[in-house]
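The values are calculated or read from the model by the stated rules, or taken from the named source; none is laboratory data. Everything numeric in this text was worked out from a predicted model, so none of it was measured. Note that each Cβ is placed from the backbone with ideal geometry, even for glycine, and that neighbours are counted across all protein chains shown. All accessible areas refer to the heavy atoms of the entire protein, side chains included, with ligands and DNA or RNA removed. Shrake-Rupley method; radii C 1.70, N 1.55, O 1.52, S 1.80 Å.
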Amino acid sequence: MLYEQLIINAAVLGAVFTLFALGLSLTWGALDVLNLAHGATFVTSAWVATSVYSAYELPLASAMLVGILTGGMIGVVADLVAFKPIRLLITNKRQAELSMVAATIGMGFVLDRIIGRATLDQVFSFPARAFPYKDFHIFGARISNIEIIILVLTFLCAVLLNLWISRSRQGMAIRAIAYSAKIPPLLGIHVDRMSAATMAIGGMLAGLSGTLMTVWVSGMAVSTGHSFLLKGFAIVVLGGVGSIRGCVLAAFILAFAETGIVAFGAGNLRDLAAFSLIVLILLFRPQGLFGTRSAMRA
Amino acid sequence: MLNFFSSNEILLQTIAVFSLLAFSVQISLRAGAFSLAGVGCWAIGGYSLAISDRHDMHPVIGVLIGIVVSAIISYLLALLLVRLRGLYLGMATIAFNQMVGIALIHGGDFTGGELGIYGIGARISTFQLFAVLALVSFLLWALERGMLGRAYNIVRDDEPLAASLGIDSESMRRFAFVLSGAVGGLAGALNAMMLGIVSPTDADFPVIVIALTMVIVGGYHSWLGALIGAALIQWLPIGLQSFGIEGMSEWWSVVYGLLILFIAVYMPRGLLGGLQRLGSLMARRHQDFREA
Amino acid sequence: MHQVIERDANREMIDMQSEPLLNVTDLTVNYDGVVALDHVSLTAPAGQLYGLIGPNGSGKSTFLAAISRHGKVTEGRLEFAGRDYTGEPAFVAARLGISRSFQTVRLQEDLSVLENAMVGADHHRITRPVIFNWLRLVRNRREEAECRETALSALERVGLVDYKDQFPSSLSYGMQRRVEIARCLASDPKLLLLDEPTAGMSPAETDDISELLMGLRDSGLTQILVAHDLSMIHAVTDHVFALNFGKLIAEGNSVDVANDPDVRKAYIGVADEE
């Protein structure tokens, strides 16, 4: 067991976690939505990508793009079908929060069943020769080209997302919505549009994470979505809702913790890492590492 | 009539047990605490019964142990968590549930590891189940009327107002938390008797989702909503099949998902809330007729 | 109808003698560097209707929040009827007898007017832990009837007992405000804090509230009223405190305070009072 190999594996896992969790953090932070359909979005996008690849013989990159866009579309549909009407119809904040969570559960059910049926509850992936794997050797460990791509893409996404949120007008609008529900309309911000945009981006990140994961491990199933969902929440809570830095850091912490636990033999305690993390953080530092939003009652 | 009961006995028993689980979530939500820890207590209650059964204790003792252990753990949890707001509390309780599951897997011979405990000898009759259900319903009803009912509504809806009226919100929420755990433990113990087995997956995500959705669909403002939700959700897969729609057994979870989605958006107070609104609309219509 | 209250020399002497109901010493509230209240000290003997005025941002709401313990206190001491309650949470302050209304009306929409008032009357029973209130069905029935009576008489005091079975949504804003005051009254308070109770009301509604408050004062209820309507302040209050930038800049009867040069300076741009 080479430590360097473990580090690379953990890093790539961390990268995939990061993409997934960024989408979750964005919607939680900006829209106060616990998107329990994020995992289903992740799986659905991957499945669409693999199906489209096989059915239409597209180049892999195009198929992946389709997957990403699928994720984005699911996000937008979720916003139109659930979040927008809830914003309109339900004025009590706490009730709205609960309803939005419940709505995402419902949507998750629907997607899970559809994909589960389509895949006959089996693992699915891209065909074996879809991706031209090529290994490189650094520091005595093996890293494949897909792994490098994942790391690079994640880095780019994190940086771009950070720039966009902090510098662009839409980014600032999203931060305004996260801060208050009443002020943005007064500033001329279209809450509906920003909400749809946020959900689209969150969905696309899930889609990107899903398609990359499918290529990397050559296997994805509906259950992977559930597993990622739980871990995604652990990451967002650890990193601090709405903080990109926190999200990235937390994703890597979790990935390294998990990889370490598995490597050192306590494999079946692997999931314990995520949950213990959630509880400990919520007890002692509910706002996470870099969080800005208040998690406590007055 | 008797035919109906005997052929649907399992369904009725399941409804009774899951109604209690739904109650445990409802109690908390009604007090404004988004806690799903009742599900973890469901597992704890079930295992308490299973383990005490293994030691040849009377089932009533087993159930009581389940309730007491759940209540104590919930109290400790409440001390730690009750200042967390909204979604964060929800997350923490979900994490707690998962940790219960993991603890059960690693409990060695005491908890039967990954397989759980099977062959529970204690049994309970449908009548007894419904008697318990009626009793707990009564207890919850008492919590929803008069002064406590008014106070809990305010604790849920408007905390500063509650404080300005002299209401100790934290203490009331803590009480709801503990009661929620106790009822969850009771539900789990009865479930163990009904099924004869307990397993570490009893505190897992699927149970959490069912518990939450029963309450959302039925309406979380009242125990009656939770009951309605439980009955509907447990009946749904069977009911859909009996409509004879082609392939319904495969797709019932899609119907389920759409139902939850629809109710969450358009009927935030659940089916009960919808029925109440309908009732008051009709009452007003009737009144208009009389005044005309 | 505007009345100017004549200063009653006898009454002033009585005031000086009664023990202060509220004693605020060096109250300072600091929000991350912004000093909302700066070493405010004042005493408020019982039985008076006090006004609290000041331009926007002067700290009036912060003051009410601090003394009702809804807002934080950075420094200083708060005493109510001789008891130091500076560190207590809001619900304890309420149980001591400090009742407050908020800037916006906060009635329960799904409860009737009577039920909303009963919420206030629950005040005394709610101090018991839930478990003691839960299953005492017989006792609860009796106490519920008493609660109802208390609520009804509170509604009578504000003149709304005929509306007892209606719901807040069918009442005018002024009436909703009165229901809120009834709710406060049902809790038998010793000090009533009113944060802009007549904001957004018509002159007629404002007069109704003014008369109500004066009536309450006459029957012995101590009140602190935050208002922007200076004519109402003149008409209704016995003693006024003026804040600016978190400091107490003047106090006295309303006419003197209105003429105080510091107060006039604080209100630059405001036209002459009547």
Check on A:I244, farther than 29 Å from A:F131 by Cα, open to solvent by 20 Å² or more (accessible area, probe 1.4 Å), under 14 Å from the mean Cα position of the chain (by Cα) and not charged (D, E, K, R) = yes
key: Lone unmet requirement of (1) open to solvent by less than 30 Å² (accessible area, probe 1.4 Å); (2) touching a residue at least 24 places away in the same chain (Cβ under 8 Å); (3) facing chain B (nearest Cβ under 10 Å); (4) of a type outside the set (A, V, I, L, M, F, W, C) for C:H124   = (1)
inquiry  = Whether any residue in the stretch B:204-224 is surrounded by fewer than 20 Cβ atoms within 10 Å (Cβ to Cβ), out of contact with any Cys (no Cβ under 7 Å at 6 or more places or on another chain) and among the charged types (D, E, K, R) is what I want to check.
reply    = yes
ask   = Only one of C:E115, C:E180 is modelled with pLDDT of 90 or more and open to solvent by 50 Å² or more (accessible area, probe 1.4 Å); which?
value = C:E115
task = Determine which single condition B:G166 fails, assuming it passes every other condition in (1) within 11 Å of chain C (Cβ to nearest Cβ); (2) within 23 Å of C:L137 (Cα to Cα); (3) in contact (Cβ under 8 Å) with a residue 12 or more places away in the chain; (4) buried (at least 23 other Cβ atoms within 10 Å of the Cβ).
result = (3)
request  = Would you mention how many residues in the stretch C:153-177 are open to solvent by 30 Å² or more (accessible area, probe 1.4 Å), aliphatic (A, V, I, L, M) and in contact with a helix residue (DSSP H, G or I) (Cβ under 6 Å, 6 or more places away or on another chain)?
outcome  = 1
task = Considering only the stretch A:83-96, state which residues are part of a helix (DSSP H, G or I) and under 19 Å from B:F34 (Cα atoms).
result = A:I86, A:K93, A:R94, A:Q95, A:A96
inquiry  = I'm told C:E109 meets every condition in (1) of a type outside the set (K, R); (2) part of a helix (DSSP H, G or I); (3) open to solvent by 60 Å² or more (accessible area, probe 1.4 Å) except one. Can you identify the failing condition by its number?
reply    = (2)
Meets criteria (within 17 Å of B:T111 (Cα to Cα), surrounded by 24 or more Cβ atoms within 10 Å (Cβ to Cβ), within 14 Å of chain A (Cβ to nearest Cβ) and of a type in the set (G, A, S)) for B:G66 = no
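Can you tell me which residue within the stretch C:97-106, out of those that are touching a strand residue (DSSP E or B) at 6+ places or on another chain (Cβ under 7 Å) and farther than 10 Å from C:A186 by Cβ, is surrounded by the most Cβ atoms within 10 Å (Cβ to Cβ)?
Looking at the filtered set, the residue picked out is C:I98.
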task = Evaluate the stretch B:146-158: report whether one residue or more is at the interface with another protein chain (Cβ under 10 Å from one of its Cβ atoms), open to solvent by less than 10 Å² (accessible area, probe 1.4 Å) and among the polar types (S, T, N, Q).
result = no
query = Is one or more of the residues making up the stretch A:271-280 modelled with pLDDT of 70 or more, within 11 Å of chain B (Cβ to nearest Cβ) and within 29 Å of B:A162 (Cα to Cα)?
reply = yes
task = Taking C:L78 as the residue in question, decide whether it is touching a Lys or Arg at 6+ places or on another chain (Cβ under 7 Å), buried (at least 18 other Cβ atoms within 10 Å of the Cβ) and more than 7 Å from chain B (Cβ to nearest Cβ).
result = no
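Every residue, every condition in (1) within 18 Å of B:F175 (Cα to Cα); (2) open to solvent by less than 30 Å² (accessible area, probe 1.4 Å), yes or no:
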{"site": "B:V17", "(1), (2)": "no, yes"}
{"site": "B:V25", "(1), (2)": "yes, yes"}
{"site": "B:L81", "(1), (2)": "yes, yes"}
{"site": "B:F110", "(1), (2)": "no, no"}
request  = Identify the single condition in (1) under 19 Å from A:S276 (Cα atoms); (2) open to solvent by less than 50 Å² (accessible area, probe 1.4 Å) that B:I73 does not satisfy, given that it satisfies every other one.
outcome  = (2)
request  = Kindly provide the set of residues from the stretch C:20-58 that are surrounded by fewer than 16 Cβ atoms within 10 Å (Cβ to Cβ) and closer than 12 Å to C:H239 by Cβ, ordered by number.
outcome  = C:T43
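Of the residues B:L140, B:L104, B:L135, which single one is open to solvent by less than 30 Å² (accessible area, probe 1.4 Å) and within 14 Å of chain C (Cβ to nearest Cβ)?
B:L140
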ask   = Take the residues of the stretch A:190-219 that are over 23 Å from A:L34 (Cβ atoms) and among the hydrophobic types (A, V, I, L, M, F, W, C): which is modelled with the highest pLDDT?
value = A:L212
remark   = When every residue in the stretch B:187-203 that is of a type in the set (G, A, S) and under 21 Å from B:I61 (Cα atoms) is compared, the one surrounded by the fewest Cβ atoms within 10 Å (Cβ to Cβ) is B:G196
ask   = What is the number of the single condition among (1) touching a Phe, Trp or Tyr at 6+ places or on another chain (Cβ under 8 Å); (2) at pLDDT 90 or above; (3) open to solvent by 30 Å² or more (accessible area, probe 1.4 Å) that C:H234 does not meet?
value = (1)
task = Being more than 15 Å from C:N23 (Cα to Cα) and basic (K, R) is the filter; apply it to the stretch C:59-75 and report the residue that is most open to solvent (accessible area, probe 1.4 Å).
result = C:K72
